[in-house]
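Down below is the structure, laid out as structure tokens.
Taken together, the values in this text are just the output of simple stated rules run on the coordinates, not laboratory data. Just so it is clear, the model here is predicted, and its values are computed rather than measured. Here the Cβ positions follow ideal geometry from the backbone for every residue, glycine too, while neighbour counts run over all protein chains shown.
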Amino acid sequence: MIELKSKHIGGAFYKKIKCVVYGVCDEISSWPCVKDGENSEEFYFGLKTGQGLLEFKCKSKIQKQRWVARIHSTLCKVTCLEAEKCSVESLSFSDYMP
């Protein structure tokens with residue numbers, strides 16, 4: 001689950017978005033509205049959510065790699081915890097079966 005908070009109109013309004021994250025996309029091309037000559041040293045990645053793809057911009061390739069690696073690591077940890085939780089639940093159900 002990711003919670004994003006964005007400011008609008010000079011910080012007068014806040015918008016909170018909560019999304020379940022399913023994966024991370026490392027290979028995303030630049031945004032269509034960005035001209036070729038402007039800031040060609042920006043890098044992009046995305047998060048796959050139930051509401052679609054959330055795209056993020058980084059200033060360097062190293063910064064992008066760090067974000068992607070940390071998000072991927074967090075998703076792996078959550079997946080392992082969920083698998084352990086499911087196996088513990090199945091054990092507790094099998095204990096009650098005659």
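R0 = 30 Å: FRET efficiency of Phe56 with Cys80, Cβ-based, nearest 0.05? Can you show the working numbers first?
On the way: r = 25 Å, r/R0 = 0.83.
After rounding, the FRET efficiency stands at 0.75.
In terms of modelled amide H atoms, which long-range or inter-chain residues lie less than 5 Å from the amide H of Ile28?
It is Tyr44, by chain and number.
Mind ranking 16-27, 41-52 by how tightly packed they are, going by the mean number of other C-beta atoms within 10 angstrom, highest first? Walk me through the numbers before you get to the answer.
On the way: 16-27: 12.4, 41-52: 14.8.
Taking the mean over residues of other Cβ atoms within 10 Å, the ranking is 41-52, 16-27.
Show the residues, 5+ positions off or on another chain, whose built amide H is closer than 5 Å to the amide H of Val21.
Ile2
Between Glu27 and Glu42, with labels modelled 7 Å along Cα→Cβ, what's the label distance in nm to one decimal, could you check?
Result for the modelled spin labels: 2.2 nm.
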